[in-house]
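Enquirer: First the structure, then my questions, so here it is.
The values are calculated or read from the model by the stated rules, or taken from the named source; none is laboratory data. Keep in mind that this is a model prediction, so the values were computed, not measured. Every residue, glycine among them, receives a Cβ derived from its backbone with ideal geometry; neighbour counts consider all protein chains shown. Just the protein is used for accessible areas: all its heavy atoms, side chains included, with ligands, DNA and RNA removed. Shrake-Rupley method; radii C 1.70, N 1.55, O 1.52, S 1.80 Å.
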Amino acid sequence: GVNISGNNLDLGDQWSPTSNFRFSQYSGTNSFYGTIYDWWDDCGNNQCQYISGSVHVPSNQPSGMYDLEVWDGTLNDWVVLSNAFEVYPPQINSISPNSGNQGQSLSVSISGNSMDYGGQWSGTNLSDFRFSQWSGSNMFYGNPTSTSGNYLYGDVSIPSGQNIGSYDLEVYDQSTNNWIMLDGAFAVESNQPQIDWINPNSAQQGQSLSV
């Protein structure tokens, strides 16, 4: 739900309002609407009005700042609060796990906001996701398997000869038809035998110690 404050607004009956509200850009474009449930006045004479309602932001709504407009029955017009609300662009937040070895296969979950992964109801036509270094080189793809809310799930098979290092994660957003990137989101690690550390890591001449 959303809460809006104002004063001297003619919203209709307190418990059955005849008003509504909307958000728009650039003098009325890209509009989407909310619904007012009720309103109340904390200090009398409509000087401290609080509006309770709800709004759904469409999945393909353009991002950016929006004016808030509330319909006033007396004025028979919209009362505007400029730049009151922001719609965020699609973004990827994280991937878990965020690393894997050369030649390893693993299941991953990807979280994002305002992403259209597709296939919410059918489970088909899900968004692709991929990993790359240095503006698109050394690329390899994952296989999407399902989606739920802000999450995309899938499987990744890291090629045995894949370059080690940090990789950007890109997920295809079906509303904007763009790849949405999270820089340095995933690391490919070596599958070769290696030494990580020794403890203790120093000794005096002539000293005997257990490691």
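Enquirer: Over the stretch 1-118, what is the percentage of antiparallel beta bridges among all DSSP beta bridges, to the nearest 5?
Expert: Here the share of antiparallel DSSP bridges comes out near 100 percent.
Enquirer: Quick one: net charge around F23, please, counting Lys, Arg +1 and Asp, Glu -1 for every other residue with C-beta under 13 Å from its C-beta.
Expert: -2
Enquirer: Then there's this: For the chain, what does the accessible surface come to per residue with a 1.4 Å probe? Please give it in Å².
Expert: 59 Å²
Enquirer: Toward the positive end of the charge dipole of the chain, about the Cα centre and with charges on Cβ (Lys, Arg +1; Asp, Glu -1), which of W134, S31, M65 goes farthest?
Expert: The one lying farthest along the dipole's positive direction is W134.
Enquirer: Heads up, I need the accessible area for I36: 1.4 angstrom probe, whole protein in place, Å², nearest 10.
Expert: Using a 1.4 Å probe on the heavy atoms, I get roughly 20 Å².
Enquirer: What does the charge dipole of the chain about its Cα centre add up to, to the nearest 20 debye, if the Cβ of each Lys and Arg holds +1 and the Cβ of each Asp and Glu holds -1?
Expert: For the chain, the charge dipole is close to 760 debye.
Enquirer: OK, next. Which order do you get for D116, D196 if you rank them by accessible area with a 1.4 Å probe, largest at the top?
Expert: D196, D116
Enquirer: Right, another one. Report Rg(Cα)/(2.2 N^0.38 Å) for the stretch 131-211, keeping two decimals.
Expert: 1.74
Enquirer: Next question. Considering only protein heavy atoms, with the full assembly of protein chains and a 1.4 angstrom probe, order S208, S157 by accessible area, largest first.
Expert: S208, S157
Enquirer: Sorted by average packing, counted as other Cβ atoms within 10 angstrom per residue and highest first, what order do 149-156, 56-63 take?
Expert: 149-156, 56-63
Enquirer: Taking square-rooted eigenvalues a ≥ b ≥ c of the alpha carbon gyration tensor, is the stretch 1-144 rounded, prolate or oblate, where a/c under 1.5 means rounded and, failing that, a/b exceeding b/c means prolate?
Expert: Here the stretch 1-144 falls in the prolate category.
Enquirer: Could you tell me what a quarter of the Cα convex hull surface of the stretch 60-211 works out to, in nm² with one decimal place?
Expert: 16.4 nm²
Enquirer: Follow-up question, since we're still on this one. Carbon-plus-sulfur fraction of the accessible area of the stretch 4-52, 1.4 Å probe, in percent?
Expert: On the stretch 4-52, the fraction of accessible area on carbon and sulfur atoms equals 43 percent.
Enquirer: Another question about this same structure. Quick check: with the 1.4 Å probe, what order do C43, C48 take by accessible area, largest first?
Expert: Largest to smallest exposure gives the sequence C43, C48.
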